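Student: Quick one: structure below, then a few questions.
Any read-out appearing in this document is the output of simple, stated calculations on the displayed coordinates, not a laboratory observation. Please read all numbers here as calculations on a predicted model, not as lab measurements. Ideal geometry is used to build each Cβ from the backbone, glycine not excepted, and the neighbour counts take in all protein chains shown.
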Amino acid sequence: MCQNIKVLSKVNGGELLYCNDCDLFHLAYNNLFFVLKQDELERLKLYLDQIDAEYWEEKYDDYTVKRKIPLPSTQENLVIMFNRQELKELQTLLSYDDYEENHFIKVISVDDIDYRLILN
């Protein structure tokens, strides 16, 4: 069990932790949990940064599902789906820099508010 864990980044839906003992990153986001090595984390970050959300939203425009942006896995029948807000939040979570312990600056944007605006 990891004893020496540091919080690297936090967002509303999750957090990114680093364990000094096992040299692994723990990514918890909504109902997902990943344990990643440094190179795996970097590849995930690069992949997420290259996703064209608009393309996937247009491609799956006719689908009734809320989440239309896929994140494939090595398991053929498993694809993790995100909406644009979740993708942006996950990208923000992985865009950590050096930090001060227990000091996080929360920047909120319009995309952080999950509310359907209806103009009358």
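Student: Out of segment 42-68, which residues are touching a Lys or Arg at 6+ places or on another chain (Cβ under 8 Å) and of a type in the set (Ser, Thr, Tyr)?
Tutor: If the condition is that a residue be touching a Lys or Arg at 6+ places or on another chain (Cβ under 8 Å) and of a type in the set (Ser, Thr, Tyr), then Tyr60 is the only one that fits.
Student: Pairs only if they're at least six apart or on different chains, beta carbon under 7 angstrom, first in segment 33-58 and under 16 Å from Tyr96 (Cα atoms), second surrounded by 11 or more Cβ atoms within 10 Å (Cβ to Cβ) and aromatic (Phe, Trp, Tyr); list them, first residue then second.
Tutor: Partner pairs satisfying both residue conditions: Leu36/Phe25; Leu41/Phe25.
Student: Please specify each residue of segment 33-58 satisfying the condition of being outside any helix (DSSP H, G or I) and closer than 22 Å to Asn20 by Cα. Give the steps one after another, and end with the answer.
Tutor: At the first step, the residues of segment 33-58 found to be outside any helix (DSSP H, G or I) are 33-37, 51-52.
Within segment 33-58, Phe33, Phe34, Val35, Leu36, Lys37 meet the criteria.
Student: For segment 1-36: of the residues being among the charged types (D, E, K, R) and within 23 Å of Phe82 (Cα to Cα), which is surrounded by the fewest Cβ atoms within 10 Å (Cβ to Cβ)? Before the answer, list the steps.
Tutor: In the first step, residues of segment 1-36 are kept if they are among the charged types (D, E, K, R); the result is 6, 10, 15, 21, 23.
Then keep just the ones that are within 23 Å of Phe82 (Cα to Cα); that gives 10, 15.
Details: Lys10: 17, Glu15: 15.
Step by step, filter segment 1-36, then rank; the result is Glu15.
Student: Can you tell me how many residues in segment 59-85 are in a helix (DSSP H, G or I), within 27 Å of Lys10 (Cβ to Cβ) and of a type in the set (D, E, K, R)?
Tutor: Pass one, segment 59-85, residues in a helix (DSSP H, G or I): 59, 84-85.
From what's left, within 27 Å of Lys10 (Cβ to Cβ): 84-85.
Then drop every residue that is not of a type in the set (D, E, K, R), which leaves 84.
Matching residues across segment 59-85 total 1.
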